[in-house]
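The structure under discussion appears below in the form of structure tokens.
The values are calculated or read from the model by the stated rules, or taken from the named source; none is laboratory data. Here the structure is a predicted model, which is why all the values come from computation and not from measurement. Glycine also receives a Cβ, built like all others from the backbone with ideal geometry; neighbour counts cover every protein chain displayed.
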Amino acid sequence: MMMNLQPYEVALILGAVILALEMITGVFICLSLAIGLFSVALTEFLSNNFYLERDILIFAIVAMAAFIGLRLTFRSKGDVKVAREDVNDY
């Protein structure tokens with residue numbers, strides 16, 4: 001028996017797999033990729049059609065915005081190191 005998956009179901013499954021990968025490894029970028037895939041799944045579900053170009057564009061924009069937003073939100077003080085002494089100072 002063959003399963004016929006809708007495109008939004010495929011995006012949801014991929015998003016869940018990448019989200020699980022983020023939980024296992026702790027790699028921060030996986031969370032933004034999962035958010036991008038979930039937004040593609042929502043778009044495909046609401047529009048009830050599949051357009052590859054639109055979906056790639058939505059994925060790229062949302063994943064990039066999620067990465068930047070999450071990075072700014074969860075930034076810690078230890079992320080930026082300022083050199084107190086310069087090698088070129090004599």
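Phe67 meets all of the listed conditions (1) surrounded by fewer than 18 Cβ atoms within 10 Å (Cβ to Cβ); (2) part of a helix (DSSP H, G or I); (3) over 16 Å from the mean Cα position of the chain (by Cα) but one, namely (3). Here the range 34-90 is the region considered, the condition is being hydroxyl-bearing (Ser, Thr, Tyr) and at pLDDT below 90, and the residue that is nearest to Pro7 (Cα to Cα) is Thr73. On inspection, Val10 fails the criterion of being modelled with pLDDT under 95 and over 22 Å from Asp55 (Cα atoms). Scanning the range 1-58 for residues that are closer than 27 Å to Thr73 by Cβ and either touching a His at 6+ places or on another chain (Cβ under 7 Å) or in a loop (DSSP other than H, G, I, E, B) (or both) returns Gly26, Val27. Here Arg75 passes the criteria (1) loosely packed, with under 15 Cβ neighbours inside 10 Å; (2) not in a loop (DSSP other than H, G, I, E, B) except the one numbered (2). Filtering the range 5-48 to residues that are within 18 Å of Arg71 (Cβ to Cβ), of a type in the set (Val, Ile, Thr) and surrounded by 14 or more Cβ atoms within 10 Å (Cβ to Cβ) leaves Ile18, Ile29, Ile35.
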